[in-house]
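*Asks:* Here's a structure for you.
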Amino acid sequence: MKTIGLIGGTSFISTIDYYRNINQQINEQLGGLNSAKILLYSLNFEEFKPPAELKDWFQPFTMLPEIAKNLERAGADCIVICANTPHIAADVIQQNIGIPLIHIAEAAANEIELQQIKKVAFLGTKITMEESFFTDKLLKKHIEVLIPEKEDREFMNNAVFNEMGKGVFSTETKKRFIEIINSLVEQGAGGVILGCTEFPHLIKEKDCSVPLFDTTVMHTDAVVKFALG
């Protein structure tokens, strides 16, 4: 079994999901008392403060590669970032390490391609929706991407950093999310990517008329496959 290097804390809510999902799958596949070999570096989200604009991403671009190198030195066989937005630094991280980074968007694109869905709605933080580091992986698979209107993107971004990152999932926020999803489905989306690892705590399958793609689940599936491969 390979050792997994997790970069978490963005937020701790989703990092718990990663740890649980990976270990549960390993145990289900190997049985007994088997669990994953994991090295975890958990960031203080308050100190990290991911900015909303690409030009302000100096700190993540310098901090994350060094953390990844530390995990590699400690014995990790791969690097896994336990969130979508920090993958904006994925290429920089990969250039600074000698082990693979398992990319969340590649895991998502592979699964959606298998489902033969050609147009998806993509929800995430503002920068994840507006920059191309995630959607490029989908476009390479000829998957068309719809994102919410500007006002809705701002609303979702504020919900992540002012509510969900603190473990707050309100009825009012859920209602607005469902309205946004329904609008994108009306525009032809055949599936919805929950491109923020906190979103699955808010939006469930029953809330949506088309398939939901949980990036946490797709990512951890790919991680387990690597660890046991």
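Nothing in this text is a laboratory measurement; each read-out follows from the coordinates by a stated rule. Quick caveat: nothing in here was measured; it's all calculated off a predicted structure. Reconstructed Cβ throughout: ideal geometry from the backbone, glycine too, with neighbour counts over all protein chains shown.
*Asks:* Using helices alone, I'd like the mean residue ellipticity at 222 nm for the chain: each DSSP H run of four-plus residues gives -39500 (n - 2.57), total over residue count, nearest 500.
*Replies:* So the helix-based figure for the chain works out to -14500 deg cm²/dmol.
*Asks:* How far apart, in nm, are two points set 7 Å out from the Cα along the Cα-to-Cβ line at Lys206 and at Val168?
*Replies:* About 2.6 nm, to one decimal.
*Asks:* Further question on the same structure: From Cα pairs below 8 angstrom and at least 6 apart in sequence, can you work out the relative contact order of the chain, rounded to a whole percent?
*Replies:* In percent, rounded to a whole number, it is 25.
*Asks:* Taking amide H positions as placed in the peptide plane 1.01 Å from N, state which residues far from Leu146 in sequence (5 or more) or on other chains have amide H under 5 Å from it.
*Replies:* Close amide H contacts, sequence-distant or interchain: Val120, Ala121, Phe122.
*Asks:* Among Phe48, Phe134, which comes first, then next, by fewest other beta-carbon atoms within 10 Å?
*Replies:* Arranged by neighbour count, lowest to highest, Phe48, Phe134 become Phe48, Phe134.
*Asks:* To make sure I understand the rule: partners must be lysines, Cα under 16 Å from the Cα of Lys225, and not fewer than 8 residues away in the same chain. Which ones qualify?
*Replies:* Lys2, Lys37
*Asks:* With viscosity set to 0.692 mPa s and temperature to 37 °C, compute the Stokes-Einstein D of the chain, Rh being the Kirkwood radius across alpha carbon pairs; µm²/s, no decimals.
*Replies:* In µm²/s, the coefficient is 184.
*Asks:* Also: Check the straight Cα-Cα distances from Lys175 and name the lysines below 24 Å, setting aside those fewer than 8 residues away within the same chain.
*Replies:* Counting by Cα, and skipping residues close in sequence, Lys175 has these lysines nearby: Lys119, Lys126, Lys150, Lys166, Lys204, Lys206.
*Asks:* Measure nothing but the geometry: give the 0 to 90° angle between the long axis through the Cα atoms of 12-30 and the longest principal axis through the Cα atoms of the chain, rounded to 10°.
*Replies:* Approximately 60 degrees, to the nearest ten.
*Asks:* Here's something else I'd like to know. If you stretched the chain out fully between Leu228 and Leu33, how much longer would it get, using 0.36 nm times the residue separation minus the C-alpha to C-alpha distance?
*Replies:* The Leu228-Leu33 span can extend by a further 68.7 nm.
*Asks:* Please compute the contact order of segment 105-215 in relative form: average sequence separation of alpha-carbon pairs under 8 Å and at least six residues apart, divided by the residue count, as a percent.
*Replies:* Contact order relative to length: 34 percent.
*Asks:* Can I ask one more? May I ask you to evaluate 6.51 cos²θ - 1.76 cosθ + 1.60, the Karplus curve with θ = phi - 60°, for each residue of segment 173-189 and list the ³J(HN,Hα) values in order in whole Hz, giving x for glycine and proline?
*Replies:* Result, ordered by residue: 5, 4, 4, 5, 4, 5, 4, 5, 4, 4, 5, 6, 5, 4, 7, x, 5 Hz.
*Asks:* Something else now. Using the alpha-carbon centroid of each, what span in Å lies between segment 89-105 and segment 191-229?
*Replies:* If you average the Cα positions of each part, the centres end up 20 Å apart.
*Asks:* Still on this structure, I have one more. When the dipole is taken about the Cα centre of the chain, and only Lys, Arg (+1) and Asp, Glu (-1) are charged at their Cβ, what size is it in debye, to the nearest 20?
*Replies:* 440
*Asks:* Mind checking the full-extension length gain between Asn44 and Lys141? Use 0.36 nm per residue of separation minus the Cα-Cα distance, one decimal, nm.
*Replies:* Extra length from Asn44 to Lys141 when fully extended: 31.4 nm.
*Asks:* Place a point 7 Å from the Cα of Glu151 along the Cα-to-Cβ direction; which residues of segment 172-192 have their backbone N under 19 Å from it?
*Replies:* It comes to 172-187, nothing else.
*Asks:* Further question: Check Leu40: other-chain or 5+ apart residues with amide H under 5 Å from its amide H, H built from backbone geometry?
*Replies:* Amide H to amide H, under 5 Å and 5 or more residues apart or across chains, Leu40 pairs with Leu6.
*Asks:* Quick one: Karplus J couplings for segment 109-122, per residue in order, coefficients 6.51, -1.76, 1.60, θ = phi - 60°, nearest Hz, x for Gly and Pro?
*Replies:* 4, 5, 5, 5, 4, 4, 7, 6, 9, 9, 9, 10, 8, 10
*Asks:* Report, in debye and to the nearest 20, how large the dipole of segment 105-215 comes out about its Cα centre when Lys and Arg carry +1 and Asp and Glu carry -1 on their Cβ.
*Replies:* 120
*Asks:* Further question: Provide the per-residue ³J(HN,Hα) series for segment 215-228, in order, calculated from phi with Karplus coefficients 6.51, -1.76, 1.60 and θ = phi - 60°, each as a whole number of Hz, with x at glycine and proline positions.
*Replies:* For segment 215-228, the Karplus-derived couplings read 5, 4, 5, 5, 5, 5, 4, 5, 5, 5, 4, 5, 5, 9 Hz, x marking Gly and Pro.
*Asks:* Starting with the highest mean, order 137-150, 189-202, 104-117 by the number of other Cβ atoms within 10 Å, averaged over the residues of each peptide.
*Replies:* In descending order of packing, they fall as 189-202, 104-117, 137-150.
*Asks:* Report, by chain and number, residues whose modeled amide H sits under 5 Å from the one on Gly9, excluding near sequence neighbours (fewer than 5 apart, same chain).
*Replies:* Residues meeting the criterion, in which the H sits 1.01 Å from N, are Thr15, Leu43.
*Asks:* Taking the Cβ-Cβ separation of Thr3 and Glu113 as r and a Förster radius of 25 Å, what is the calculated FRET efficiency to the nearest 0.05?
*Replies:* Once the sixth-power term is evaluated, E becomes 0.30.
*Asks:* By the gyration tensor of its Cα atoms, with a ≥ b ≥ c the square roots of the eigenvalues, what is the shape of segment 92-191: rounded for a/c under 1.5, prolate for a/b over b/c, or oblate?
*Replies:* Since a/c reaches 1.5 but b/c is at least a/b, the shape of segment 92-191 is classed as oblate.
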